[in-house]
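Here's the structure, in C-alpha cells; my notes come after.
Bear in mind these aren't lab numbers, they're just calculated from the coordinates by the rules spelled out. Note that this is a predicted model, so its numbers are computed, not measured. Don't worry about glycine lacking a Cβ; one is built from the backbone with ideal geometry, like all the others, and counts go over all protein chains shown.
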Amino acid sequence: MPRAVLADLTTAELEALFKSWGYNPANAVRVMRNYYRCRELPGSLPKGLIERLHRDFQPGTTSLAKRQVAEDGTIKLLLSLHDSRTVETVLMPDYRQDRAAGCLSTQVGCALGCDFCATGKSGFERNLTAGEMIEQYLALRREAATLKRRLQSVVFMGMGEPLLNLDAVLAAIRRLTDDSLDVLGCRQIMVSTVGIVPGIEALYDTGLPIMLAISLHAPDDEERAKLLPLAKRYPIADILAAADRFQARNRRTINIQYCLLKGVNDSPEHARRLAELVRGRRMHVNILRYSPTGPGASGAVYAPSDPAVERLFLAELSAQGVVAHPRRQRGTDIGAACGQLRSATAFQRGAQG
Ligand code: SF4
C-alpha cells in the first residue's frame, strides 16, 4: 500500500486525522498552506506530529519524466504517475511579467477520439484522481516560482474530458479554492468541455462560480460529428442551452473554443453560421490555431488555416456582432496541443525498444 499524499486530502480531512492522532486539528491549516506553497512541513509543528506525517505520507506520487521549454516560454511537463502511466501539464507565462496560467489534465488518454487530437488517438487508460490533478498544479506552481511568476489561473483542459471525470475535478477545484489556504479563487478556474450536456448540468448544480469553455469547432451537428464523434450524442442546441443556464446562474461569460482547420471549418460561411449560434448570448469566441498531430482515425490529415483566412474568419465574426479573439499560439515548437509530448515520448520509447 503506497503511503498517502497530502494532495489527496482536504483540510477538513487532515483536521480529523490530526484529531484522531491526538494533535490539535488547527495544525492542519498550517500544514496544508505550506504544502501548497512549497510542499514542505512547517518547522514549528510538534516533533511527534512531524514524525507521524513523515511516516504516513510521502511528498508526492508523481515524478518528472520530461520537461520541454518553448521559445515563447511555455513549459510542458510530462509527469510519471505511480503506475508508470504519464500525463501532460502545461505552464503558459502571461504577458504580465509576474503571472502565469496552467493547463491541467484530467484523464490518462481520452475516450472521445476527436479526429484532430493527439490524446484522442491514444485511447482512454484511466481517470486521474483529484490528488494527481493537485500534483500537476503544484508542479506548475514550482515552475512558475522559478520564473518569479505567480500561477494565477488554471484551466482543466489538457488530456481527457473533465466532465467525464467530474467528481475528481470538483474535488480538485474545492481543494484549490479552499478559503483557508488562499490558493485560487473560483474565477481563476476554468473547465473546458467538448459538450457533455449532463456534465454541464452537474456543474451548474454545484453553483461554483467557475468559468466554462465549450469546444465547438464546427457550426452544425453534421460537420461537427466528423470532427468530434461525441457530437452525435449531444446536439449543439442542447449544449448551448445548457451553457445558457450555466451562464445565467453564475454570470460568467462562456468561452466558445473554435479550432480553425484548413479547408474544413474556416470559410466566411462557417463564420456566419457560428455567429448565428453565438450572437445574443453571453459568449465570446476564442479562435485556436491548430497544431498538426498527423492523420486522424478517419484518415483525414488536418492543417492550420492560413493567417489570412484566420483574419477573414475573425473579421466576419466581428461584422456579425460576435466578440472573438485569436488565442495566442503557445509553444508551437514543442508541440503545444494536448497529448503531443506524451505521444512523441511513447513513440521514442517504441522506436528505442
Ligand atoms: S480534444 Fe479533448 S475531448 Fe477530444 S479527444 Fe482530445 S482530449 Fe479528448
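Points worth noting:
- Local charge for residue 82 was computed over the other residues whose Cβ lies under 15 Å away, with Lys and Arg +1 and Asp and Glu -1, and equals -2.
- Helix-only [θ]222 nm of the chain, DSSP H runs n ≥ 4, -39500 (n - 2.57) each, per residue, nearest 500: -11500 deg cm²/dmol
- Relative contact order %, the chain, counting alpha carbon pairs below 8 Å whose residues are six or more apart: 15 percent
- Three-way shape call for the stretch 1-59 based on the alpha-carbon gyration tensor, with the a/c threshold at 1.5: rounded
- Cβ-defined net charge surrounding residue 36, 12 Å radius [Lys, Arg +1; Asp, Glu -1]: +3
- Relative packing of 293-300, 260-267, which averages over residues the other C-beta atoms within 10 Å, highest first: 260-267, 293-300
- Since only 230, 211, 258 are under comparison, the one whose Cα sits farthest along the positive direction of the charge dipole of the stretch 188-278, derived from C-beta charges on Lys, Arg, Asp and Glu, is 211.
- Cβ-based net charge around residue 323, under 11 Å, with every Lys or Arg adding one and every Asp or Glu removing one: +3
- Centre separation in Å (Cα based) which lies between the stretch 159-182 and the stretch 246-272: 25 Å
- Relative contact order, percent, the stretch 103-206 [alpha-carbon distance under 8 Å, six or more residues apart]: 30 percent
- Descending Cα extents along the principal axes, the chain, whole Å: 69, 52, 39
- Contact order relative to length of the stretch 68-123, as percent, for alpha carbon pairs under 8 angstrom and 6 or more apart: 21 percent
- Placed amide H near residue 66: partners under 5 Å, 5+ positions off or other chain: 78
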